[in-house]
Amino acid sequence: MRRFFLIAVPYVWLLALFLIPFVIVLKISLSDVALSIPPYTPTLDLSVGWQGIKEFFAALDFENFIWLTSDDLYWKAYLSSLKIAVVSTSLTLLIGYPIAYGMARAPQEWRATLMMLVILPFWTSFLIRVYAWMGILSNEGFLNQLLMWTGIIGEPLTILNTNTAVYIGIVYTYLPFMILPIYAALERMDGSLIEAAEDLGCSRAQAFWLVTIPLSRPGIAAGSFLVFIPALGEFVIPSLLGGSGTLMIGKVLWEEFFSNRDWPVASAVAVVLLLILVIPIVLFQRNQQKQAEADQ
Amino acid sequence: MTRLSWFNVVSLTLGFAFLYIPMIILVIFSFNESKLVTVWAGFSTKWYGELLQNEAFLNAAWVTLKVAVFSSTIATVLGTMAAYVMVRGGRFLGRTLFSGMIYAPLVMPEVITGLSLLLLFIGIGLDRGVLTIVLAHTTFSMCYVSVVVSSRLVTFDRSLEEAALDLGCSPAQAFRLVTLPIIAPAVIAGWLLAFTLSLDDLVIASFTSGPSATTLPIKIFSAVRLGVSPEINALSTIMIGIVTVGVIVASLVSKRNSVRQQQEEQAAARAQ
């Protein structure tokens, strides 16, 4: 009885507040927009019995999904979100790896402090960390002031409200997610493997490339996954740092829902975004499984 | 691996500079006299004064705190239950679905979680306010709690629980007296994580809040959209300060605990 209660409470909670809402999204994505409350049709009317259910299902169609393919705003937004997520994940990896590598080679007594310094920004408000860059990147901002003062540029650069600012924002906010798994993988690594490789005639660079990088691959995979997934659906960063030219699907969904009040199209956008996310999730899971098998 | 080359030193220095300089600039300019955030015009704490006068911000902060305390507490209870079921529950009907529902919210884009919950609340005619934000935050943060707690449950020795049961404990007593003290650090960490996630959340709160309940992130976001303001800098500085003190205290406490544990283990080893 107690076991039943223990399972049932979280189970029912997740069914009611995770699965059912998702089924509702799926259903509304197949409905049509209407000038009513709620602003879509059909609505399920159980009082007319079986006939009502039949009519309800007959009225559902894939019109919104066809609309998504015919209006090029949407597929451009998906493609541009993918591009921004891929580029910023790669940049985060390029910047995060040397930091994680330096941390793993630092003296033992520093490591706890370095770890804390990486984790601290993670606990700080995401919104504030994005906001901090608005003052730096604007035309009169610190970066332009610094560059003009040193004489590198004569005219202020326009960085805020461009895709460059979005890249900077994503790299900055998600960097800890990249550093921590790579650091964990590098720290576990046996240092004598590098010595063995060097004894056997590898140069430093070769040893790094042939031993260190392959051994840290699980960390690289986990870090990239942790950056890519949230970056793809990101809303805050493109809307604060990006400009009118920055197309990201999270922002499109938001505007479709709040500004255009087109719930069916917003729901269809959400369903397609999830379908896109399934691919990296499955790839990552398979990779994890392979890793677990290799460890055994 | 303790040979720091010049390359390591440079990458660590640049890396931490990149992580911290933006926040340091933010803090410095919260003490700026001028309304122009990018031009220094002398030291002043007037923006902190104005912030304390701003009713709207104070109300939003209060709502945010309430939501965070309630949602993280419920999420910790539910998440610990879910973790216990996943690790110790054995087989039951729909176990795969259950574990799927635990992990899916972790990778679900916030816009989708927010949208789907809003559509549910409208569908069942629940007025949006503090209650709906608490429900929404509890749902996604219980999944984080359950991941943190189950990673601790997996590593701990089950025979301790079995010994307690053999020695005459009821299952509830065994949980309270043996399991809970051992997983307590993970449960606390889970609560802190849930609390921070709730304080931090903008997107899901925007979807699930109504006009009667505005949280601090929603307030900050709508102010920031219009541009940089010194008042927001002051608010940010306060929040950064609280987090910094919290993280430093937490790491000192956990360091002291692990030192004490080591000493106890050494003492036990000597006694044998």
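The values are calculated or read from the model by the stated rules, or taken from the named source; none is laboratory data. On a predicted model such as this, the values are computed, not experimentally measured, just so you know. FYI the Cβ positions are ideal-geometry reconstructions off the backbone, even for glycines, and counts take in every protein chain you see.
A:THR164 meets the conditions (1) more than 15 Å from A:GLY242 (Cβ to Cβ); (2) part of a helix (DSSP H, G or I) in every case but one. The failed one is (1).
Of all residues in region A:90-109 being within 11 Å of chain B (Cβ to nearest Cβ), among the small types (Gly, Ala, Ser) and in a helix (DSSP H, G or I), which is nearest to B:LEU19 (Cα to Cα)? Among those residues, the one meeting the criterion is A:GLY96.
Of the set (1) hydrophobic (A, V, I, L, M, F, W, C); (2) under 21 Å from A:ALA270 (Cα atoms); (3) part of a helix (DSSP H, G or I), all apply to A:LEU247 but (3). Quick check: is even one residue across region B:182-203 surrounded by 18 or more Cβ atoms within 10 Å (Cβ to Cβ), hydroxyl-bearing (Ser, Thr, Tyr), at pLDDT below 90 and out of contact with any His (no Cβ under 7 Å at 6 or more places or on another chain)? No, every residue in region B:182-203 fails to be surrounded by 18 or more Cβ atoms within 10 Å (Cβ to Cβ), hydroxyl-bearing (Ser, Thr, Tyr), at pLDDT below 90 and out of contact with any His (no Cβ under 7 Å at 6 or more places or on another chain).
A search for C-beta distances below 6 Å between a residue of region B:218-237 that is more than 10 Å from chain A (Cβ to nearest Cβ) and any residue that is buried (at least 20 other Cβ atoms within 10 Å of the Cβ) and of a type in the set (Gly, Ala, Ser), counting only pairs 6+ apart in sequence or on different chains, returns B:ALA234/B:SER30. Right, A:GLY223: surrounded by 13 or more Cβ atoms within 10 Å (Cβ to Cβ), within 19 Å of A:ALA85 (Cβ to Cβ) and modelled with pLDDT under 90 or not? When the stated conditions are applied, A:GLY223 does not pass them.
Of the residues that sit in region A:125-140 and are of a type outside the set (Phe, Trp, Tyr) and touching a helix residue (DSSP H, G or I) at 6+ places or on another chain (Cβ under 6 Å), which one is farthest from B:PHE195 (Cα to Cα)? If you could, list the steps in order and put the result at the bottom.
Our first condition is that a residue be of a type outside the set (Phe, Trp, Tyr); within region A:125-140, this holds for A:125, A:127-130, A:132, A:134-140.
Within this subset, residues satisfying the condition of being touching a helix residue (DSSP H, G or I) at 6+ places or on another chain (Cβ under 6 Å) are A:125, A:127-130, A:132, A:136-137.
Numbers: A:SER125: 12, A:LEU127: 16, A:ILE128: 17, A:ARG129: 18, A:VAL130: 20, A:ALA132: 23, A:ILE136: 29, A:LEU137: 31 Å.
The residue in question is A:LEU137.
Only one residue in B:ALA194, B:ALA250 is assigned to a helix (DSSP H, G or I), under 25 Å from B:CYS143 (Cα atoms) and either of a type in the set (Lys, Arg) or in contact (Cβ under 8 Å) with a residue 60 or more places away in the chain (or both), so which one is that?
Just one listed residue meets the conditions, B:ALA194.
Matching residues to (1) over 25 Å from the mean Cα position of the chain (by Cα); (2) assigned to a helix (DSSP H, G or I); (3) among the hydroxyl-bearing types (Ser, Thr, Tyr); (4) loosely packed, with under 14 Cβ neighbours inside 10 Å:
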| site | (1), (2), (3), (4) |
| --- | --- |
| B:VAL39 | yes, no, no, yes |
| B:ALA56 | no, yes, no, yes |
| B:ALA60 | no, yes, no, no |
| B:THR64 | no, yes, yes, no |
| B:VAL77 | no, yes, no, no |
| B:ILE102 | no, yes, no, no |
| B:VAL111 | no, yes, no, no |
| B:LEU117 | no, yes, no, no |
| B:ILE133 | no, yes, no, no |
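Scanning region B:216-234 turns up at least one residue that is on the phi < 0 side of the Ramachandran plot, surrounded by fewer than 20 Cβ atoms within 10 Å (Cβ to Cβ) and of a type in the set (Ser, Thr, Tyr). Screening region A:201-235 for residues that are in contact with a helix residue (DSSP H, G or I) (Cβ under 8 Å, 6 or more places away or on another chain) and hydroxyl-bearing (Ser, Thr, Tyr) and picking the one that is nearest to A:TYR172 (Cα to Cα) gives A:SER224.
Here is a yes/no grid of residues against (1) at pLDDT below 95; (2) away from every other protein chain (no Cβ under 13 Å); (3) under 17 Å from the mean Cα position of the chain (by Cα); (4) part of a helix (DSSP H, G or I):
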site: A:LEU79; (1), (2), (3), (4): yes, yes, yes, yes
site: A:ILE84; (1), (2), (3), (4): no, yes, yes, yes
site: A:SER88; (1), (2), (3), (4): no, yes, yes, yes
site: A:PHE122; (1), (2), (3), (4): yes, no, yes, yes
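For region A:91-113, the set of residues classified as buried (at least 21 other Cβ atoms within 10 Å of the Cβ) and touching a Phe, Trp or Tyr at 6+ places or on another chain (Cβ under 9 Å) consists of A:THR92, A:GLY96, A:ILE99, A:ALA100, A:TYR101, A:GLY102, A:MET103, A:ALA104, listed by residue number.
For region A:252-281, a residue qualifies if it is in contact (Cβ under 8 Å) with a residue 60 or more places away in the chain and in a helix (DSSP H, G or I), and the qualifying residues are A:VAL252, A:TRP263, A:PRO264, A:VAL265, A:SER267, A:ALA268, A:VAL269, A:ALA270, A:VAL271, A:VAL272, A:LEU273, A:ILE276.
Out of A:ILE276, A:ILE220, A:ILE237, one residue alone is away from chain B (no Cβ under 12 Å) and β-branched (Val, Ile, Thr). It is A:ILE220.
Could you say whether any residue in region B:36-44 is more than 30 Å from A:TYR101 (Cβ to Cβ), within 14 Å of chain A (Cβ to nearest Cβ) and touching a residue at least 60 places away in the same chain (Cβ under 8 Å)? Yes, region B:36-44 contains at least one residue that is more than 30 Å from A:TYR101 (Cβ to Cβ), within 14 Å of chain A (Cβ to nearest Cβ) and touching a residue at least 60 places away in the same chain (Cβ under 8 Å).
Just the residues that are part of a helix (DSSP H, G or I) and over 17 Å from A:GLN291 (Cβ atoms), please, taken from region A:184-196. Full working, then the answer.
Step one: of region A:184-196, the residues part of a helix (DSSP H, G or I) are A:184-188, A:192-196.
A:SER192, A:LEU193, A:ILE194, A:GLU195, A:ALA196, listed by residue number.
Filtering region B:189-217 to residues that are facing chain A (nearest Cβ under 9 Å) and among the hydroxyl-bearing types (Ser, Thr, Tyr) leaves B:THR196, B:SER206.
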